[in-house]
Amino acid sequence: MSFPGQRYLGPRPNTLIIAVCVLVALPVVLTRPVWTDSAVVLGVYALLGLSVGISYGQAGILTMSQGAFAAIGGYAAAILTTRFGWPPYADLLVAMALPAALAYGVARLVTRLSPLATALATLALGSVIEILIRNADALTGGYIGLAGIPSVGAINTPAGYACLAWGMIVVTVFLYENLMCSAYGRALNVLRVDQARARADGIDVPALMSAGFAVSAAVAGAAGWLYAHYISFLSPESLDTHISISALLMAVIGGAGYILGPIVGTLLFDGLTRLMPAAELQGFFYGAALIIILLAARTGILGLLAGLARRLRRPDATPAPRAANLSPQESLP
Amino acid sequence: MSRGLTATGIEVAFGGVHALRGVDVAVEPGKVAGLIGRNGSGKTTLFNCITGFVRPTAGRTTVDGVDVTSLPPDRVVKHGIARTFQTPRVDPRATVLSAVLCGFYSRVGASFVGSLLGVPGAWREEQRLHRRAEPILERLGLAELRGREVGQLSMGLIRLVEVARCLASGARFVLLDEPAAGLTAAEQERLAEQVRAVAASGVGVLIVEHNIGLVRSLCDTATALETGRVLCAGTPEAVVRDERVMRSYLGAIGDLAATEAAA
Ligand SMILES: Nc1ncnc2c1ncn2[C@@H]1O[C@H](COP(=O)(O)OP(=O)(O)OP(=O)(O)O)[C@@H](O)[C@H]1O
Ligand SMILES: [Mg+2]
């Protein structure tokens, strides 16, 4: 399976795959209004899933604040366009830069802690942001929220938004793949597996982890921007911790370590939950899916497929026989 | 201050355990310095100390006169010191090529944002890194294995990959912690040749090695440690013939015989 970084500047396979899939699928999807609307919403979720992939799958930060970063992006868009009359393209930069800056700062503070503590810190961060949004009435409209967010320039039909959303996904995958095929992408993989090894390579671990988290937050911010302009209304419930958790689940189920994993997870998972008869069953379904994945395929659906592909190609190859001996446990304080 | 890597008066304590008590070593550019000593004598701790993983309670480390004592590991690498680990620390799923490419990290000129955007400069640099990795892989006999996952190689080959990664950093001083352990005779010879070639190019090498024959044929100087102290230092010939060193190693063999007899 493609391992980021090993490829000699070859084509960007993940970008190619997603671009072809989008070009093939979109014309079909756009034939039905219901599908078109779903395509936009799924696009927002897929972007959030990608942001989890960058943070958790690559930088190793189990993040539960992506919904909050999206909310910041969404509110930045809403406030700048409705209150300050910014044109709805210019606000995208702010919608990405603001969460990125916040994520970088927070990560610099907390990534020195254990992975679990870092995860809890992101959860707390999300809650704090939610509370701030609820309480900053003058700016955010408090509990009531903000309405009348203008559409993005000429794009004012669901079809237009569907194209915009999936175009943004292709661009994001391209940038993500660029990063993973560079020294920084390899370095992220190293530090996720073994921080001492990373430091011996000369990697400034907190700085690079934080940079990865900032990129992830910027993608989440872009998702929030898209959401705000499409729905044209934003309240504190729109993009909350619930969204953060489902984005995390979808990324993990699809395969957070694989560039396209979160997209696969989003499509499959959301597709399935939409088939669920009752909304009450969804929570049960989420939990069951997560447990199955954690027990049967820790690397997600794409990881499972990659493992199968490897076994088909080399039927005799035992899967990583020495991995156990290589546990990076030489005691380093 | 003189050229070279020097550690003077290094003391390290872990709680009540004095792992190092005033150790001096020096590595000159272009020379191979050997570090020997029985298990637990403090060789790895000395490496950890020089490379910033462990803070000494006393003593200092300088590189070409620049003080690098207590710098964090990633900053030490920027001063031109790279190391391998006694127990290889590798991602078993990474390929040999990407493991070696990781070694270039401290020399990468492209920015994070440039790499993300895929600016031409970053693409060109990535190409350059791949080109530079080839001769390193070739010299260590790893070229055919470049696409293999590290986790599927023998321990000896994994050690060679670690050495290659270390060399890729372009360090002026490399610290190799028992790189020959688990290597076949042929692999050992290839490693020794490579270490000589690296030294000939002006790099100073500090190598932990238990194989006395290899120490003799490879090293220009040697230092023997015992329980955190320098037992003896000088030419490899003099050190391995030193009575205290022989007794120390024989003692180790005696211990071994005793434990085997007990078992
Ligand atoms: N992180 C640590 N915490 C506590 N004690 C340590 C730590 N690292 C090393 N020691 C102790 O310091 C002493 C020196 O250990 P070190 O690993 O440096 O020996 P070594 O010469 O490398 O031995 P070997 O030949 O087995 O690799 C030992 O007594 C060891 O138990
Ligand atoms: Mg050791």
Legend entry - segment A:57-133, Rg to Rh (Cα coordinates; Rh as Kirkwood inverse mean 1/r): 1.05
Legend entry - Heavy-atom accessible area per residue - chain B, 1.4 Å, Å²: 41
Inset, instruction - Extending each Cα 7 Å along its Cβ direction at B:GLU144 and B:ALA181, get the distance between those two points in nm, one decimal. - result: 2.8
Inset, instruction - Treat each spin label as a single point 7 Å out from the Cα along the C-beta direction, and report the B:GLU237 to A:SER232 distance in nm. - result: 9.2
Legend entry - For the protein assembly as shown, radius of gyration divided by Kirkwood radius, i.e. Rg to Rh on alpha-carbons: 1.05
Legend entry - Positive-end residue, chain A charge dipole about Cα centroid, Cβ charges, pick of A:ILE245, A:THR299, A:LEU175: A:THR299
Inset, instruction - Skip the ligands, DNA and RNA, and give the accessible area per residue of chain A with a 1.4 Å probe, whole Å². - result: 42
Inset, instruction - Would you please give the residues with an amide H less than 5 Å from that of B:GLY22, counting only those at least 5 places away or on a separate chain, with H modeled from the backbone geometry? - result: B:ILE10, B:GLU11, B:VAL12
Legend entry - Leading residue at positive end of dipole, segment A:13-238 (Cβ point charges), from A:VAL29, A:THR122, A:ASN135: A:THR122
Legend entry - Calculated from backbone phi, Karplus (6.51, -1.76, 1.60) coupling profile of segment A:104-119 in Hz, x at Gly/Pro: 4, x, 5, 5, 4, 6, 9, 6, 6, 6, 5, x, 5, 4, 4, 4
Inset, instruction - Calculate the dipole size of chain B relative to its Cα centre from +1 charges on Lys and Arg beta carbons and -1 charges on Asp and Glu beta carbons; express the result in debye to the nearest 20. - result: 580
Inset, instruction - Please identify, among B:THR227, B:THR184, B:THR95, the residue showing maximal mean-square fluctuation in a Gaussian network model of chain B using a 10 angstrom Cα cutoff. - result: B:THR184
Inset, instruction - Enter the Cα centre distance for the pair segment A:129-178 and segment A:52-108, rounded to the nearest angstrom. - result: 10
Legend entry - About the Cα centre, charge dipole magnitude for segment A:13-238 (Lys/Arg +1, Asp/Glu -1 at Cβ), debye: 280
Inset, instruction - Let me know the shape class of segment B:61-187, please: from the alpha-carbon gyration tensor, a ≥ b ≥ c as square roots of the eigenvalues, rounded when a/c is under 1.5, otherwise prolate if a/b is greater than b/c, or oblate. - result: oblate
Inset, instruction - For B:LEU225, enumerate residues with amide H under 5 Å from its amide H, sequence gap 5+ or separate chain, H modeled in the peptide plane. - result: B:ILE36, B:GLY37, B:LEU231
Legend entry - Sequence-separation-based contact order of chain B, relative, with Cα cut under 8 Å and 6+ spacing, percent: 27
Inset, instruction - Determine, from the Cβ-Cβ distance of B:ARG75 and A:ILE292 and an R0 of 41 Å, the FRET efficiency 1/(1 + (r/R0)^6), rounded to the nearest 0.05. - result: 0.35
Inset, instruction - Pop the C-beta distance of A:ALA147 and B:GLU193 into the FRET formula with R0 = 60 Å and round what comes out to the nearest 0.05. - result: 0.20
Inset, instruction - Using only Cα atoms, locate the centre of segment A:213-248 and the centre of segment B:70-111, then give the distance between them in Å, rounded to an integer. - result: 36
Inset, instruction - Express the C-alpha Rg of chain B as a ratio against the empirical globular expectation 2.2 N^0.38 Å, rounded to two decimals. - result: 1.05
Inset, instruction - Run the dipole for the protein assembly as shown about the Cα centre, Lys and Arg Cβ at +1, Asp and Glu Cβ at -1, nothing else charged, and hand back the magnitude in debye, nearest 20. - result: 660
Inset, instruction - Please state, as a whole number in µm²/s, the translational diffusion coefficient that the Stokes-Einstein equation yields for segment A:13-238 at 20 °C and 1.002 mPa s, with Rh defined as the Kirkwood radius across alpha carbon pairs. - result: 119
Legend entry - Carbon and sulfur %, accessible surface of segment A:63-187 computed with the full protein complex present, 1.4 Å: 77
Legend entry - A:PHE84 versus B:SER217: modelled label distance in nm, points set 7 Å from Cα along the beta carbon direction: 7.1
Legend entry - Interface area, A with B, accessible, probe 1.4 Å, both sides summed, Å² nearest 100: 4500
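The values are calculated or read from the model by the stated rules, or taken from the named source; none is laboratory data. Just so you know, these numbers come straight off a predicted model, no measurement behind them. Note that each Cβ is placed from the backbone with ideal geometry, even for glycine, and that neighbours are counted across all protein chains shown. With ligands, DNA and RNA removed, areas are computed over all heavy atoms of the protein, side chains included. Shrake-Rupley method; radii C 1.70, N 1.55, O 1.52, S 1.80 Å.
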